[in-house]
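Structure, as structure tokens:
Laboratory data are not the source of any read-out in this text; all were calculated from the coordinates shown. Here the structure is a predicted model, which is why all the values come from computation and not from measurement. As a convention, Cβ positions derive from the backbone with ideal geometry for all residues, glycine included, and neighbour counts pool all protein chains shown.
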Amino acid sequence: MYNINMSLKKITDKLSYVVFNSKLNKGIRLVDTMPRIVEHDSIGLDSAVVQAARVSYGKGTKKVNDDKNLISYLMQHKHTTPFEMVEFKFHVKAPIFIARQWMRHRTGTFNEISGRYSELKSEWYIPDVVREQSVHNKQGSGMPIISSYWEEYMDGCAIQNDCYNNLIKEGVSKEISRIGLPQNMYTEFYWKVNLHNLLHFLKLRSHPSAQLEIREYADEIKNIIQPLCPTTVAAFDEHVTNSITLSGSEVDAIRKMEIFKGTARQVEEYKNKLDILRL
Ligand SMILES: Cc1cc2nc3c(=O)[nH]c(=O)nc-3n(C[C@H](O)[C@H](O)[C@H](O)COP(=O)(O)OP(=O)(O)OC[C@H]3O[C@@H](n4cnc5c(N)ncnc54)[C@H](O)[C@@H]3O)c2cc1C
């Protein structure tokens, strides 16, 4: 299963892989990877992780299962640098409010389209449904809600956009014309990131506490990299996505079978963990 014969052609095919969800009008394109050339008997980009981890031991054993166990061990024990040996470059088209969240991830390298240099396209994101404020999470949203102001609000995007185009026609500079445009306008950027930091991004941005829209991007990114480094993604799911972390007080409460004391949020999170553990 893991002995994928990744020829250069297959990798090149993957590089031109374009994800475009017309419903959301969002886009992520994998532009490049490092390393590019993968050895004939390798396990895809996973091999670069294994190669880096094994540098101190020489070739050692080369069985596929050993590689799988090694990657799992590295992930579990946070031996992270071998994962930095693999890099990806993506072309992303996303609403500005998503790009703002994305670019908080300082360990990637970004280049974004310049609204001072280029005229911005008349494209903006409108969600399929309006979501109500979450009662559990002050930052989150919940079920769909009917809003009497929503249509007017979104019409405002078209009005601001028309004003922008008129200002440009009038000769106003692009850098000043753009300042009244809404946060749901699309922007485009290149994102270069190594596998370790990409997984950190997925951990935070695929999490239910992240905004739905960025979660969808994070999930697409995972779909793109999964066939290129399947062993690493499986280890990530095993030791990060599907794992839970218990605090000292939580361990104490479980061990002593006592009621856990904490803030309302801490108690809620503790209960969720007990549900997962079926305790
Ligand atoms: C659900 C959610 C809600 C959020 N809400 C807010 C909010 O309300 N307001 C807000 O401002 N931000 C918010 N953020 C952004 C958040 O605080 C982080 O800036 C963002 O998630 C990037 O995470 P990071 O720093 O771990 O990642 P990266 O910047 O990619 O850094 C990766 C890791 O490198 C290390 N690192 C990188 N740079 C430094 C440094 N200069 N010093 C020390 N260590 C460093 C850290 O260990 C860090 O975890 C939110 C994020 C999430 C996921």
Rank the residues Ser206, Ser114, Ser247, Ser47 as a footprinting-exposure proxy: fewest other Cβ atoms within 10 Å of their Cβ go first.
Ser114, Ser247, Ser206, Ser47
Amide proton proximity set for Gly27, modelled H, under 5 Å, gap of 5+:
Lys93
Would you pull out the residues with amide H under 5 Å of Asp32's amide H, same chain only if 5 or more places away, H placed 1.01 Å from N?
Lys89
Exactly which chymotrypsin sites (Phe, Trp or Tyr not before Pro) in the stretch 131-201 are in a DSSP loop and have at most 11 other Cβ atoms within 10 Å?
Tyr149
To make sure I understand, if each residue's beta carbon is the centre and we count other beta carbons within 10 Å, what order do Cys163, Cys229 fall in, fewest to most?
Cys163, Cys229
Counting other beta carbons within 10 Å of each residue's own, what order do Lys78, Lys174, Lys68 fall into, fewest first?
Lys78, Lys174, Lys68
For the stretch 248-253, 3J(HN,Hα) per residue [Karplus equation, 6.51 cos²θ - 1.76 cosθ + 1.60, θ = phi - 60°, Hz, x = Gly/Pro]:
x, 5, 5, 4, 4, 4
For the table Lys68/Lys93; Lys89/Lys203; Lys138/Lys271, the rows whose alpha-carbon distance is greater than 26 Å are Lys68/Lys93
